[in-house]
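**Q** Here you go, one structure.
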Amino acid sequence: MLRSEELPDCFYYQNKPTLITPNTSTPNHSLYLSNLDDQKFLRFSIKYLYLFEKAVAIDILKYSLSKVLADYYPLAGRLRPCGGAGDDDKLVVDCNGEGAVFAEGFMDISCEEFLQISRKPNSSWRKLLYRVEAHSFIEIPPLVVQVTNLRCGGMILCTAINHCICDGIGTSQFLHAWAHVITKPTLDLRILPFHSRHVLKPRDPPQVTHTHLGYTKTTFKDNNIHVDINQYLQSQPLVPTSFTFTSAHILRLKRRCIPSLKCTTFEALASHTWRSWVRSLDLSTTFKVKLLFSVNVRKKLIPEIPQGYFGNGFVLACTETAVKDLVASNLHHGIKLIQQAKSSLTDGHVRSMIDLLEDKNVKTDICSSLVISQWAKLGLEDLDFGQGKPLHMGPLTSDIYCLFLPVVGNFDAVKVQVSVPECVVEKFEYYMMDGLDEEENGEQNGFI
């Protein structure tokens, strides 16, 4: 058994990983990235960790990956600045078929032991994903895969997928296509990827017709000092926190919204998390805080983005309020703001945002914001390579950006994960779960 939450070392079967190339010839061209793809805010890789009870043969995984890369060929290419050297230039994908990185390893741990420590990530989990030596982000191949076989016969699959190429919906689409090639080899892919980004090209000339709070820098001063929550968070020792909200917890949160509002699970949970986060940080009551959250706009545009779109088809909705208004009221205030931010994302609003991002000096305003990314309800937890669905699915790392995650085996539950400063962990945990379990006991005794 493990004596701590630290993972043992990973032993690689080969000194260096192999490159998996598409098994047939693919288009050789430069793929334009939209302004939604090309934001500085998205210049990182989405890193997933899957734990499976039974390993799939390495040769099968490699062959099927080479086959699916024939359709998802941008993942076998390389990012490059279209204007030459330098990360500040607009990026394109050089679809050259160079290949995805594939590493194989072994770790002396069992599935059961990993599940015991899987509630929240720690830094030793980085051993489960091969580190590509690179001078900058754009030099890292768009797809890096590591398969780690375990002592018990299980396996851990980790993937790093470049966020400039696709969003969470796209990653889920790709991973399910990979699994499809293994489990249904004689059937064509149900959804083929649509690679052209021209459906999201800016207008010429750009027409910024709406206000975009998420790109407006806050300049609030407190005692002549600029308050930058993001900078403060990055300067502190951060601790991952994780909370699982069952359908019963979520129903209780919705009942706390007074006066009552018809709202979704996301709206109630996002309002509650934002409010708990702000309360735990003890901010000045007059300080304005923002919430940024991902919204899929594939069906909000006119015409709708084509099915299978394999790019970033989401934007960050934004809402803002004074601390005193968020923490003094119940969930109603936050839910109302979130609903208004969502409903404002019309075709015109999104097109205006795309045009705004033509100015490369415009940046996402995260200095006073909590950012929530929605990984739940994307089908990520249903991935099956032929040996059963995962025992665990989640991110490889934890960050100051908040994730709403699926819970394996419980479709209606949501796991909330975010890293907060060590000095506020207890307060944040208290505010997040305060009264929810007591209410359950009360309901069972007929009090509610």
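**Q** Here are some conditions: (1) in a helix (DSSP H, G or I); (2) surrounded by fewer than 22 Cβ atoms within 10 Å (Cβ to Cβ); (3) modelled with pLDDT of 95 or more. Tyr232 meets all but one. Which one does it not meet?
**A** With respect to (1) in a helix (DSSP H, G or I); (2) surrounded by fewer than 22 Cβ atoms within 10 Å (Cβ to Cβ); (3) modelled with pLDDT of 95 or more, Tyr232 is out only on (3).
**Q** Test of understanding: among Val56, Val68, which residue is out of contact with any strand residue (DSSP E or B) (no Cβ under 9 Å at 6 or more places or on another chain), surrounded by 17 or more Cβ atoms within 10 Å (Cβ to Cβ) and either among the basic types (Lys, Arg) or outside the structural domain of Tyr401 (by the TED database) (or both)?
**A** It is Val68.
**Q** Find the residue count for region 71-100, including only residues that are open to solvent by less than 10 Å² (accessible area, probe 1.4 Å) and within 28 Å of Asp188 (Cβ to Cβ).
**A** 9
**Q** Exactly one condition in (1) more than 23 Å from the chain's Cα centre (by Cα); (2) open to solvent by less than 20 Å² (accessible area, probe 1.4 Å); (3) under 30 Å from Thr285 (Cα atoms) is not met by Ile372; state its number.
**A** Result: Ile372 fails condition (1) only.
**Q** Separate question: Show the residue pairs that are 6+ apart or on different chains and have beta-carbon atoms under 7 Å apart, the first residue being within region 138-163 and within 18 Å of Ile117 (Cβ to Cβ), the second being open to solvent by 10 Å² or more (accessible area, probe 1.4 Å) and of a type in the set (Ser, Thr, Tyr).
**A** From residues that are within 18 Å of Ile117 (Cβ to Cβ), the pairs are Leu150/Ser110; Arg151/Ser110; Cys152/Ser110.
**Q** Same structure again: State all residues of region 150-187 that are within 14 Å of Gly308 (Cα to Cα) and either in a strand (DSSP E or B) or among the acidic types (Asp, Glu) (or both); if no residue qualifies, say none.
**A** Asp167
**Q** Here's something else I'd like to know. Tell me which residues, restricted to region 123-135, are out of contact with any strand residue (DSSP E or B) (no Cβ under 7 Å at 6 or more places or on another chain) and open to solvent by 30 Å² or more (accessible area, probe 1.4 Å).
**A** Within region 123-135, Ser123, Arg126, Arg131, Glu133, Ala134, His135 meet the criteria.
**Q** So in region 395-429, with the set limited to residues that are of a type outside the set (A, V, I, L, M) and farther than 29 Å from Leu283 by Cβ, which one is nearest to the chain's Cα centre (by Cα)?
**A** Checked region 395-429; the qualifying residue nearest to the chain's Cα centre (by Cα) is Pro406.
**Q** Also, I was wondering about something else. Are any of the residues in region 342-354 in a helix (DSSP H, G or I) and more than 13 Å from Val208 (Cα to Cα)?
**A** yes
**Q** Turning to a different aspect of this structure: Could you say whether any residue in region 25-40 is outside the structural domain of Gln374 (by the TED database), among the polar types (S, T, N, Q), at pLDDT 95 or above and crowded, with 20+ Cβ neighbours inside 10 Å?
**A** yes
**Q** Let me ask you something else. Counting only residues that are touching a Ser or Thr at 6+ places or on another chain (Cβ under 9 Å) and free of Cβ contacts under 8 Å to residues at least 60 places away in the same chain, which one in region 41-68 is farthest from Leu396 (Cα to Cα)?
**A** Among them, the one singled out is Ser66.
**Q** May I pose another question? With Lys290, Lys360 as the choices, which residue is open to solvent by 50 Å² or more (accessible area, probe 1.4 Å) and not polar (S, T, N, Q)?
**A** So the residue among Lys290, Lys360 that is open to solvent by 50 Å² or more (accessible area, probe 1.4 Å) and not polar (S, T, N, Q) is Lys360.
**Q** Going by the conditions given, is Thr18 under 30 Å from His198 (Cα atoms) and either of a type outside the set (D, E, K, R) or over 28 Å from the mean Cα position of the chain (by Cα) (or both)?
**A** Spelling it out, it is not the case that Thr18 is under 30 Å from His198 (Cα atoms) and either of a type outside the set (D, E, K, R) or over 28 Å from the mean Cα position of the chain (by Cα) (or both).
**Q** Which residues, counting only those in region 296-305, are of a type in the set (A, V, I, L, M, F, W, C) and surrounded by fewer than 17 Cβ atoms within 10 Å (Cβ to Cβ)?
**A** Ile302
**Q** Give me the residue from region 386-424 that is among the polar types (S, T, N, Q) and closer than 26 Å to Ser110 by Cα and, out of that set, least open to solvent (accessible area, probe 1.4 Å).
**A** Gln417
**Q** Scan region 306-315 and tell me whether some residue there is in contact (Cβ under 8 Å) with a residue 12 or more places away in the chain, open to solvent by 10 Å² or more (accessible area, probe 1.4 Å) and aliphatic (A, V, I, L, M).
**A** No, region 306-315 contains no residue that is in contact (Cβ under 8 Å) with a residue 12 or more places away in the chain, open to solvent by 10 Å² or more (accessible area, probe 1.4 Å) and aliphatic (A, V, I, L, M).
The values are calculated or read from the model by the stated rules, or taken from the named source; none is laboratory data. Quick caveat: nothing in here was measured; it's all calculated off a predicted structure. Reconstructed Cβ throughout: ideal geometry from the backbone, glycine too, with neighbour counts over all protein chains shown. When the accessible area is computed, the model is the full protein with side chains, heavy atoms only, and any ligands, DNA or RNA have been set aside. Shrake-Rupley method; radii C 1.70, N 1.55, O 1.52, S 1.80 Å.
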